[in-house]
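J.: Please find one structure pasted underneath; my questions will follow.
The values are calculated or read from the model by the stated rules, or taken from the named source; none is laboratory data. As the structure is a prediction and not an experimental result, all values here were calculated from the model. Neighbour counts run over all protein chains shown; Cβ positions are idealised from the backbone, glycine included. The area values use the complete protein model at the heavy-atom level, side chains included, leaving out ligands, DNA and RNA. Shrake-Rupley method; radii C 1.70, N 1.55, O 1.52, S 1.80 Å.
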Amino acid sequence: MAPRELADLPYAAALTSHSGGLAADGEYDTVQFSDLTFDQPSAGNAKFLECAFTQVSFQGGQLKRSRFSDVWFHDVRLTGVELAETSWLDATVIRGAAAGVSAFGAQLRRVAFHGCKLDSVNFRGARLTEVSFDECLLRHVDFSGAQLTKTTFTRSRLDECDFTQVTLDKVDLRGAELGITISPESLRGAIITTAQLLDIAPLIAENLGIVVDPP
């Protein structure tokens, strides 16, 4: 289970506090970022290993191609941040908020989102493997052309999310509210309930060109 408290992190005792900004190509190992605001950071290709972020705000800027390994985020807000082609491994995000974030081509593996809000986040062409969204709100999130493998959306709400041309493999949508846009084969590889199938049947029929004649 992903750690919910800072003290639960196996590297908590080794963390050192960070002050100042972020640097391009910077390397941050066992660093704690707490109560900070990064305004228009330019930190492309940065590396974050065993780091913790608590009550941190990112306003614009870019961290393109940065790497996040074994990192923990709590109450972090990202607004208009460039996260394209970033790499995420063994990350936990709790009560985070992201709006207008560009993460196309990103690679996420074993990433857990808990109680997060994602609004207008661009995951086009991204790869999500063993990613979980638990009690999250996803609004206008673009997954078009992305590859999702063993990804779950437990107790989450998807509102006007784009699943066109997506590739799914063992993606569990049970328990989620599905407000999605799809292409004909978008849901191949998804796991849904009978009730969900009935709810989205008109959408599937429309994409397959089936005309349903009401009685």
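J.: Return the total of residues in segment 12-31 being at negative phi and open to solvent by 40 Å² or more (accessible area, probe 1.4 Å). Before the answer, list the steps.
T.: The first filter runs over segment 12-31 and keeps only residues at negative phi, leaving 12-19, 21-24, 26-29, 31.
Of the ones still in play, those that are also open to solvent by 40 Å² or more (accessible area, probe 1.4 Å) are 13-14, 16-17, 19, 21, 23-24, 27, 29.
Counting residues in segment 12-31 that are at negative phi and open to solvent by 40 Å² or more (accessible area, probe 1.4 Å) gives 10.
J.: Quick one: would you say residue 77 is farther than 22 Å from residue 19 by Cβ, open to solvent by 10 Å² or more (accessible area, probe 1.4 Å) and modelled with pLDDT of 95 or more?
T.: On the way: farther than 22 Å from residue 19 by Cβ: no; open to solvent by 10 Å² or more (accessible area, probe 1.4 Å): yes; modelled with pLDDT of 95 or more: yes.
It is false that residue 77 is farther than 22 Å from residue 19 by Cβ, open to solvent by 10 Å² or more (accessible area, probe 1.4 Å) and modelled with pLDDT of 95 or more.
J.: Can you name the number of the only condition in (1) farther than 18 Å from residue 63 by Cβ; (2) in contact with a Ser or Thr (Cβ under 9 Å, 6 or more places away or on another chain) that residue 159 fails?
T.: It is condition (2) that residue 159 fails.
J.: Quick one: which of 52, 43, 12 is of a type in the set (A, V, I, L, M) and under 18 Å from the mean Cα position of the chain (by Cα)?
T.: On the way: 43 fails: under 18 Å from the mean Cα position of the chain (by Cα); 12 fails: under 18 Å from the mean Cα position of the chain (by Cα).
Matching residue, one of 52, 43, 12: 52.
J.: Got a number for residues in segment 6-16 being over 16 Å from residue 111 (Cα atoms), part of a loop (DSSP other than H, G, I, E, B) and hydrophobic (A, V, I, L, M, F, W, C)?
T.: Our first condition is that a residue be over 16 Å from residue 111 (Cα atoms); within segment 6-16, this holds for 6-8, 10-16.
Restricting the remaining residues to those that are part of a loop (DSSP other than H, G, I, E, B) gives 10-11, 15.
Now drop any that are not hydrophobic (A, V, I, L, M, F, W, C), which leaves 15.
Total satisfying the criteria: 1.
J.: Within segment 181-215, can you find the residues that are open to solvent by 100 Å² or more (accessible area, probe 1.4 Å), more than 24 Å from the chain's Cα centre (by Cα) and either among the acidic types (Asp, Glu) or modelled with pLDDT of 80 or more (or both)?
T.: Residues satisfying the conditions are 194, 198, 199, 206, 213.
J.: Then there is this: Which strands (runs of 3 or more DSSP E) does segment 90-178 wholly contain that include 3 or more residues that are open to solvent by less than 20 Å² (accessible area, probe 1.4 Å)?
T.: Working: elements: 97-99, 107-114, 117-119, 127-129, 132-134, 137-139, 147-149, 157-163, 167-169.
Once the strands (runs of 3 or more DSSP E) in segment 90-178 are filtered for at least 3 residues that are open to solvent by less than 20 Å² (accessible area, probe 1.4 Å), what remains is 107-114, 157-163.
J.: Return yes when residue 35 is more than 20 Å from residue 107 (Cβ to Cβ), modelled with pLDDT of 95 or more and surrounded by fewer than 16 Cβ atoms within 10 Å (Cβ to Cβ) and no when it is not.
T.: yes
J.: Restricting attention to segment 58-74, and to residues there that are touching a Phe, Trp or Tyr at 6+ places or on another chain (Cβ under 9 Å) and open to solvent by 60 Å² or more (accessible area, probe 1.4 Å), which single residue is farthest from residue 43 (Cα to Cα)?
T.: Step by step, filter segment 58-74, then rank; the result is 59.
The rows are residues; the columns are (1) among the aromatic types (Phe, Trp, Tyr); (2) touching a Leu at 6+ places or on another chain (Cβ under 6 Å); (3) not in a strand (DSSP E or B).
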position: 4; (1), (2), (3): no, no, yes
position: 28; (1), (2), (3): yes, no, no
position: 33; (1), (2), (3): yes, no, no
position: 55; (1), (2), (3): no, no, no
position: 65; (1), (2), (3): no, no, yes
